[in-house]
1. Tell me which of these L63 doesn't satisfy, since it passes every other one: (1) in contact with an Asp or Glu (Cβ under 9 Å, 6 or more places away or on another chain); (2) farther than 23 Å from M1 by Cα; (3) aliphatic (A, V, I, L, M).
2. How many of the residues in region 90-109 are free of Cβ contacts under 8 Å to residues at least 12 places away in the same chain and not in a helix (DSSP H, G or I)?
3. Taking interchain pairs and intrachain pairs at least six residues apart, which have beta carbon atoms under 7 angstrom, with the first residue in region 5-31 and within 10 Å of K108 (Cβ to Cβ) and the second of a type in the set (D, E) and assigned to a loop (DSSP other than H, G, I, E, B)?
4. Could you please find all residues in region 1-35 being hydrophobic (A, V, I, L, M, F, W, C), surrounded by 11 or more Cβ atoms within 10 Å (Cβ to Cβ) and assigned to a helix (DSSP H, G or I)?
5. Within region 39-49, is even one residue charged (D, E, K, R), more than 22 Å from K108 (Cα to Cα), in contact with a Leu (Cβ under 8 Å, 6 or more places away or on another chain) and not in a loop (DSSP other than H, G, I, E, B)?
6. Kindly indicate whether I73 is part of a helix (DSSP H, G or I), over 30 Å from N21 (Cα atoms), of a type in the set (A, V, I, L, M, F, W, C) and out of contact with any helix residue (DSSP H, G or I) (no Cβ under 7 Å at 6 or more places or on another chain).
Amino acid sequence: MRQYLNEYRKEIDLKLQKQKNFTREEIENHLIKIQFFQHERLIHLFVTLFYALFTLISFIICLLHPLLCVIPILLLVFLLFYVFHYFFLENTVQYLYKQYDQMKKREKM
């Protein structure tokens, strides 16, 4: 997903540099892509929140059973990766909003 999103963002950046005007169809296609990425971002938010919840629960269990302390450490590592990925999605989708605004300003009537 990261590669796909980066490639799409760069593709739109190139169009913004080269094109003076955008058709309604191009703008609508961009908006549809934004919606897909928003859905992906929402799903990753839920996964990240559940990983955080499971990590907290596993730390509590670790206090009760010290032999199980490996589990919360593993979950914490996964949680960190999910947080980084979620922030990438969040920031990139916000960047796509700015691209959309630029495209709307250059829309052909």
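Values in this text are rule-based calculations from the coordinates and carry no lab data. Quantities reported herein were computed from a predicted structural model and do not represent experimental measurements. Counting neighbours? That spans all protein chains shown, and the Cβs are built from the backbone with ideal geometry, glycine included.
1. L63 satisfies all of (1) in contact with an Asp or Glu (Cβ under 9 Å, 6 or more places away or on another chain); (2) farther than 23 Å from M1 by Cα; (3) aliphatic (A, V, I, L, M) except (1).
2. Start the filter on region 90-109 by keeping residues that are free of Cβ contacts under 8 Å to residues at least 12 places away in the same chain, which leaves 91, 94, 98, 101, 105, 109.
Among the residues that remain, those that are also not in a helix (DSSP H, G or I) are: 109.
Qualifying residue count for the region: 1.
3. As it stands, the answer is none, since no pair meets every condition given.
4. Here is the first cut: in region 1-35, the residues hydrophobic (A, V, I, L, M, F, W, C) are 1, 5, 12, 14, 16, 22, 27, 31-32, 34.
Now drop any that are not surrounded by 11 or more Cβ atoms within 10 Å (Cβ to Cβ), which leaves 1, 5, 12, 16, 22, 27, 31, 34.
The answer is L5, I12, L16, I27, L31, I34.
5. Of all residues in region 39-49, those charged (D, E, K, R) come to 40-41.
Narrowing the set further to residues that are more than 22 Å from K108 (Cα to Cα) leaves 40-41.
Then drop every residue that is not in contact with a Leu (Cβ under 8 Å, 6 or more places away or on another chain), which leaves 40-41.
Narrowing the set further to residues that are not in a loop (DSSP other than H, G, I, E, B) leaves 40-41.
Looking through region 39-49, at least one residue is charged (D, E, K, R), more than 22 Å from K108 (Cα to Cα), in contact with a Leu (Cβ under 8 Å, 6 or more places away or on another chain) and not in a loop (DSSP other than H, G, I, E, B).
6. Numbers: part of a helix (DSSP H, G or I): yes; over 30 Å from N21 (Cα atoms): yes; of a type in the set (A, V, I, L, M, F, W, C): yes; out of contact with any helix residue (DSSP H, G or I) (no Cβ under 7 Å at 6 or more places or on another chain): yes.
It is true that I73 is part of a helix (DSSP H, G or I), over 30 Å from N21 (Cα atoms), of a type in the set (A, V, I, L, M, F, W, C) and out of contact with any helix residue (DSSP H, G or I) (no Cβ under 7 Å at 6 or more places or on another chain).
So that you can scan it fast, the table gives a plain yes or no per residue for (1) touching a residue at least 12 places away in the same chain (Cβ under 8 Å); (2) crowded, with 16+ Cβ neighbours inside 10 Å:
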{"position": "L42", "(1), (2)": "no, no"}
{"position": "L49", "(1), (2)": "no, no"}
{"position": "A52", "(1), (2)": "yes, no"}
{"position": "L63", "(1), (2)": "no, no"}
{"position": "L68", "(1), (2)": "no, no"}
{"position": "L79", "(1), (2)": "yes, yes"}
{"position": "Y82", "(1), (2)": "yes, yes"}
{"position": "F88", "(1), (2)": "yes, yes"}
